[in-house]
Every structure is written in structure tokens, then in C-alpha cells.
Amino acid sequence: MSAMSRRLPAALAAAALAVAALAGCSVLGDRSVPRSDLEGAVKQLMEEQSGQPVDSVSCDGDLAGEVDASVRCTATVAGEEVGLTVTTTDVDGNDVRYEVRNDSATPAPTSSPSEPAPSPTSG
């Protein structure tokens, strides 16, 4: 494996991990955050948090100014695509707060004390 091949995944992983959960804030335009504003804000958040340049961010549409509304976005980092979900967390007048989650970031498993963990099956 070449040094270039090893660096690319490392850069992508750094940017992707930094985006496991980011928070942003935008101003509403007609009860939604316009797609172009959202794309720019997500790109800036990713770059600030990861320290890595982000080639581009493309979202499927505007982000509705309602709590729990979400929109899918795709960031391109070092030529590789990272799937993101942006979800509105709070709306205060014309300010919308949102969270950006990396779709491939797997949350740590949690077990409830009232529910036993599944036992492995033997074949």
C-alpha cells in the first residue's frame, strides 16, 4: 500500500469523526434554512472541527424550521463521500439550531440494566 493510500483514509476518518455530532445555527428564510446556506454552514463546521479541508457539501433540500426535521447531505473530503444527516434541534424566532451527524459513525452500544444482553448462539 502506498503512503498516499494510507493518508487518504486517515484524512477522511479525521474529518468524518469530527462530524459525529456538530451543532450549528442559521437564520430562517420562510420557515426553513435555505439549502445553499445549510451547505455552506455544514462545510464550515466540518473544516473548523476537523482541521481538514472539505471539498464540497451537497444537501437534498432546505432544512425545515421545526424540531426533529432533517435533511440528508453528502460531504466530499479528499475525494471521498461522507453521508450526513442534519436535524433541527431548536427553533427560537428566526434562529434554527441543528445537529450534524455522520451517517457512518456508529454510536457506542448501551445496555439497559432491565434488559439482559443477548447471549451468543452456538451452531
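Bear in mind these aren't lab numbers, they're just calculated from the coordinates by the rules spelled out. Since the structure is predicted, the reported quantities are computational estimates derived from the model, not experimental observations. Note that each Cβ is placed from the backbone with ideal geometry, even for glycine, and that neighbours are counted across all protein chains shown.
Some observations on this one:
- Coupling constants for segment 36-46 follow from the phi torsions by the Karplus curve (6.51 cos²θ - 1.76 cosθ + 1.60, θ = phi - 60°), and in residue order they are 5, 5, 5, 4, x, 5, 5, 4, 5, 4, 4 Hz; glycine and proline get x.
- Between Glu80 and Asp95, the distance separating the two model label sites (each 7 Å from Cα on the Cα→Cβ line) works out to 3.6 nm.
- Local electrostatic count, Val91, Cβ distance below 10 Å [Lys/Arg +1, Asp/Glu -1]: -2
- Remark on Asp62: its backbone amide H falls under 5 Å from those of Arg35, a criterion applied only to residues 5 or more positions apart or on other chains, H modelled at 1.01 Å from N.
- Taking 0.36 nm per residue of separation and subtracting the Cα-Cα distance, full extension of the segment from Ser58 to Ser36 would add 7.1 nm.
- Nonlocal amide H pairs with Ser104, under 5 Å, H built at 1.01 Å: Gly83
- Placing +1 on each Lys and Arg Cβ and -1 on each Asp and Glu Cβ, with no other charges, gives segment 38-89 a dipole about its Cα centre of roughly 40 debye.
- Neighbour counting of Cβ atoms within 10 Å sorts the residues Val67, Val42, fewest neighbours leading, into Val67, Val42.
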